[in-house]
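The values are calculated or read from the model by the stated rules, or taken from the named source; none is laboratory data. Computed from a predicted model, the values in this text were never measured in an experiment. Because the Cβ atoms are built from the backbone with ideal geometry, glycine has one as well, and the counts that use them run over all protein chains shown. Accessible surface areas use protein heavy atoms only, side chains included; no ligands, DNA or RNA. Shrake-Rupley method; radii C 1.70, N 1.55, O 1.52, S 1.80 Å.
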Amino acid sequence: MAATTMNSMPSTGQSHWDRLAARARMQRRFSDVALYAFLIVVSLPIIVTYFWLLTLSFSAGRGEINTDVLWPSLFILTPALVALWIWGAVAKDRRQAFIGWGLILAGTIILYFSLLGDQLHLEGYRFLVDPDFNRLNESVVAGDKLSYSATAFPSVWVAFRNSLFVAGAQTVIVCTVASLAGYYISRFQFPLRNSMLRAMLVLHAFPTYTLVVPLFIILWYVGLLDSLVGVMLVLVGIELPFAVFIMKGFYDAVPWEVEMSALADGATRMQTYVRVVLPQVTNGLIAVTVFSFIRGWEEYIFMVTFLIKNTNWTMSLYMFFVTEENSLGIDFALVSAVAVFYVIPSLIMYTVAQKYLMQMSVSGVKG
Amino acid sequence: MARIEFKNIEKRFDDVVVIPGMDLVINDGEFVALLGPSGCGKSTSLFMLAGIYLPSGGDLLFDEHRVNEVEARDRNVGIVFQSYALYPHMTVRDNIRFPLRFKKVPDAEAKRRVREAAELVQVAELMNRRPSQLSGGQQQRVALARALVKDPQLLLLDEPLSNLDATLRLTMRTEIKALQERLGVTTILVTHDQLEATTMADRIICMREGEIEQIGSPDDLYLRPETLFVAGFIGSPPINILHGQVDSEKLRVGEAVAPLVGVGNGPFSIGLRPEHLEFGDSGVPARVIQTEPMGREILYVAESPLGLIRVLESGSQVNHRIGEETRIAFDPSNTLLFEEATGRRLDGAHFHLNTTARAA
Ligand SMILES: Nc1ncnc2c1ncn2[C@@H]1O[C@H](COP(=O)(O)OP(=O)(O)OP(=O)(O)O)[C@@H](O)[C@H]1O
Ligand SMILES: [Mg+2]
């Protein structure tokens, strides 16, 4: 009986396996298509919106808004991008690739400017050099806004510097404290360790803006109201628990034998930490750096509540007041240009750190 | 090189006593193996030697000097961890050189020593790779080079071969042994593989639950185990332990009876190595239930009124089929007798089994 089943297997069996394989192939192909369709549908609105912002900042007029430049731009740039991509895949070596890319880029630029050149202008970006940029709009500004009237705008570079200070100092403190605290929590047992970890997670779950009023009072008491240091410290306090938590996860992934080995190899505790442990958690450190910097850069609610003087404005406040001031006859080019300027640092951070952030999602953050 | 001494060393983790009190001397240049089942405190002992754990009590001596509180970095101990613990962000070269960075070794000399250590374990052509780009065996060699590069006075190996495949394990075993002989460094090898211990070490320290059961040469442990535990732990296939009874100068094991003088009445455990048993016309009746050809020997498992008995017969021919009814005879001169209450072996000098007559 065994022999007969053995013999009959190959004929019916083989086609059976083929059918299964074909079905698996179909499913794989279908899920690939579905995945890409999903990614495109989800990301397209965001990409197009940002692209529109960019074109507006170079082309928009006052009081009116249109897609005159957006669609032609997309029609020229999308094929160009596809061409660059295809050429990158087709080119035989680096030299050929670079030559091809150069030609495509040059062609695109010439085409772009010959078709749309007369609609482009840099007027939106005048705020970069002229603090009194609103002069052009003065005719439509209502005079009843006291503290932030048109003339009360500081130079954008003051706001930029303030933002840089708040985000930067916040990041430095958060990274330093989180990398040390995370290490300690990961390596040492102490009373209430687990309750503390749980509390840190729970803290992160609360909407932090519920704290605006108490924080306002506290800052006022300690004399840090309307001070960049005050806001910076508030942000540190709010960012820290989660950063510590993330760093702890990264430290947990470093085997303790490696540390012991370094100690036995003659390193002191400090040398072990700096030379052996820290290099293994750089990805975590980069992730924490990027997230806390961007958090500080984008923060608005605490800024608008705790900062008053216009010399203390940060980029988020600057952005907001530019939009406000122009509310009657909106200077769309200006608003878009400020927005583009505001976005650039975040964009740079993400681009530079992208590789490491990806690794974080792959290697995972362990509790 | 150093002479190591444990004087009543104790180790507790909070309330858990892992090592209740250990006395041990390891001579200069000796290669000893620390053998015992998982969780018996082998790594803990090793980490105390390396200075990673602080002993909870007792004295740890290196060449007669008390080193309990000496920091790990000041002990000059080379250690290879079970997981190798290479520094993943450094190349092989930097890994091996790492211990020299804290010793103020001149650059040229450091380079030379790194190269020598690498050549010693044959990883010289892998110098620019990262640990993740190495096979398990190569990582193990790098870890060994890193431990050796600082000319340690003591080399500690924590189950260094457990992650390797069988063939590589065999080669590394001979390589490490040869290396140790050449360098003459005092070496402690932790393992729970008895074959590793018996083939590599001059002396074996057999541990159980934090206590030393027996210290001796591989032969001592195999032929003259002091306790039932050692007898059962050493030897593959494992020893047969049967229950017997002594009364009025006769040892009874089931139906088999052998004259025995010099021992009081009472229950005893009888240890019989599988290779000391043979099938025959006399002895304990048994039925073969399993045969395992092992290359040059064949292991039979037989069912008898005394329980399962393992018999090892040399030759590659299966002489006894499964289901065969036969008898198993044992040679009294190779019988190990253990007190049932304490598990300790009776010294052969104190009793006398009649060796002329086969037990029947
Ligand atoms: N840090 C610690 N805290 C509490 N108990 C510990 C600690 N380290 C080890 N132990 C306990 O001590 C005992 C011995 O551990 P050890 O690591 O020395 O075992 P081992 O003989 O090396 O075992 P293995 O062969 O599995 O490596 C174990 O029961 C273990 O649970
Ligand atoms: Mg261990």
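With labels modelled as points extended 7 Å from the Cα through the Cβ direction, what inter-label distance (nm, one decimal) is found for A:A21 paired with B:R101?
For the pair A:A21/B:R101, the computed spacing is 5.2 nm.
What is the range A:31-132 by shape, rounded, prolate or oblate, if you read a ≥ b ≥ c off the alpha carbon gyration tensor as root eigenvalues and call it rounded for a/c under 1.5, prolate for a/b larger than b/c, and oblate otherwise?
oblate
Rounded if a/c is under 1.5, else prolate if a/b beats b/c, else oblate: with a ≥ b ≥ c from the C-alpha gyration tensor eigenvalues square-rooted, which is the range A:154-324?
prolate
How large is the charge dipole for the range A:12-124, taken about the Cα centre, if only the Cβ atoms of Lys, Arg (+1) and Asp, Glu (-1) carry charge, to the nearest 20 debye?
Dipole of the range A:12-124, to the nearest 20 debye: 800 debye.
Under a Cβ-Cβ cut-off of 13 Å, what is the net charge of the residues other than A:N312 that fall near it, where Lys and Arg count +1 and Asp and Glu count -1?
So the surrounding residues net to +1.
If you wrap a convex hull around the alpha carbons of the range B:4-229, what volume per residue comes out, as a whole number of Å³?
127
Suppose each label sits 7 Å from its Cα in the direction of the beta carbon; what would the A:L44-B:D23 distance come out to in nanometres?
8.5
Hey, got the dipole for the protein assembly as shown? About the Cα centre, +1 on K and R Cβ, -1 on D and E Cβ, debye to the nearest 20?
Charge dipole of the protein assembly as shown: 1660 debye, to the nearest 20.
Output the relative contact order of the range A:154-324, whole-number percent, from Cα pairs under 8 angstrom with separation of 6+ residues.
In percent, rounded to a whole number, it is 44.
Debye calculation, C-alpha points only, no solvent: report log10 I(q)/I(0) for the range B:206-286 at q = 0.16, 0.19 Å⁻¹, in the same order as the q values.
Each listed q corresponds, in turn, to -0.74, -0.95.
Between the range A:209-272 and the range B:173-242, how far is it from one alpha carbon centroid to the other, in angstrom?
Cα centroid to Cα centroid, the span is 50 Å.
Stretched out fully, how many nm does the piece from A:E298 to A:Q354 gain, at 0.36 nm a residue minus the Cα gap?
18.3 nm
Expressed as a rounded percentage, what relative contact order does chain A have, with Cα pairs under 8 Å and six or more residues apart?
The normalised contact order for chain A reaches 27 percent.
Be a star and scan the range B:236-252 for residues whose amide nitrogen sits under 19 Å from the point 7 Å along the Cα-to-Cβ vector of B:T199.
Label zone hits: B:236-238.
What percentages make up the Cα-Cα pair-distance distribution of chain A when the bins are 10 Å wide from 0?
Reading the bins upward from 0: 4, 15, 20, 21, 18, 12, 5, 2, 1, 0, 0.
Can you tell me what percent of all Cα-Cα pairs in the range B:239-339 are more than 23 Å apart?
25
Hey, what did chain B get for relative contact order, percent, Cα under 8 Å, at least 6 apart?
Relative contact order for chain B comes out at 15 percent.
Placing unit charges on C-beta atoms (Lys and Arg positive, Asp and Glu negative, everything else neutral), compute the dipole magnitude of the range B:239-339 about its Cα centre in debye, rounded to 20.
Approximately 100 debye in magnitude.
What total accessible surface area, summed over both chains, is buried at the interface between chains B and A, computed with a 1.4 Å probe and given in Å² to the nearest 100?
Heavy-atom accessible area buried at this interface is about 1600 Å².
Considering only B:A117, A:A22, B:M200, whose Cα is most displaced toward the positive end of the charge dipole of the protein assembly as shown, charges sitting on Cβ of Lys, Arg (+1) and Asp, Glu (-1)?
A:A22
What residues of the range B:76-116 lose no less than 40 Å² of accessible area with every protein chain in place versus their chain by itself (probe 1.4 Å, heavy atoms only)?
Residues shielded by partner chains are B:F81, B:Y87, B:H89, B:F98, B:F102.
Going through the cross-link list B:K42/B:K177; A:K92/A:K355; B:K11/B:K42, which pairs have a Cα-Cα distance over 18 Å in this structure?
B:K42/B:K177; A:K92/A:K355
Using only Cα atoms, what is the ratio of the radius of gyration of the protein assembly as shown to 2.2 N^0.38 Å?
1.44
Sum up the charges of everything whose Cβ sits under 12 Å from the Cβ of B:L134, counting Lys and Arg as +1 and Asp and Glu as -1, but leave B:L134 out.
+2
Long-range amide H contacts for B:G57: which residues qualify at under 5 Å (H placed 1.01 Å from N, peptide plane, sequence gap of 5 or more or a different chain)?
Here the answer is B:E10, since their amide H atoms fall under 5 Å of that of B:G57.
Pop the C-beta distance of A:T282 and B:V318 into the FRET formula with R0 = 51 Å and round what comes out to the nearest 0.05.
After rounding to 0.05, the efficiency reads 0.25.
Before I look further, what does the range B:239-339 give for accessible area per residue, probe 1.4 Å, in whole square angstrom?
47
Per residue, how much accessible area does the range A:12-124 show when a 1.4 Å probe rolls over the protein heavy atoms, in square angstrom?
Dividing the accessible area of the range A:12-124 by its residue count gives 76 Å².
I'd like the mean, over residues of A:266-273, of how many other protein chain beta carbons sit within 10 Å of each residue's own Cβ.
4
Which of the aspartates and glutamates could a cross-linker bridge to A:K309, judged by Cα under 14 Å and excluding same-chain residues fewer than eight apart?
The reachable aspartates and glutamates, counting only those whose Cα sits under 14 Å from A:K309, are A:D226.
May I ask you to give the percent of accessible area on the range B:25-133 that is carbon plus sulfur, with a probe radius of 1.4 Å?
Looking at the range B:25-133 in its full context, I get 44 percent from C and S.
Among A:30-36, B:199-205, what's the highest-first ranking by average C-beta atoms within 10 angstrom per residue?
By packing density, highest mean first, the sequence is B:199-205, A:30-36.
Cut-off under 21 Å on the C-alpha distance; same-chain residues fewer than 8 positions from B:K111 excluded. Which lysines are left, in chain and number order?
Partners within reach: B:K103, B:K150.
Taking the solvent-accessible surface of protein heavy atoms with a 1.4 Å probe, what is the per residue accessible area of the range B:4-229 in Å²?
On a per-residue basis, 42 Å².
With r as the distance between the Cβ atoms of B:I241 and B:D63 and R0 = 51 Å, compute the FRET efficiency 1/(1 + (r/R0)^6) and round to 0.05.
It comes out at approximately 0.75.
Can you give the local net charge around B:R113? Use residues other than it whose beta-carbon is closer than 9 angstrom to its beta-carbon, Lys and Arg +1, Asp and Glu -1.
Here the count lands on +2.
What number do you get for the range A:230-367 when its Cα radius of gyration is normalised by 2.2 N^0.38 Å, N = residues?
Taking N as the residue count of the range A:230-367, the ratio is 1.43.
Starting from the Cα of A:F98, step 7 Å along the direction of its Cβ; do the same at A:V212; then give the gap between the two resulting points in nm.
It is 5.3 nm.
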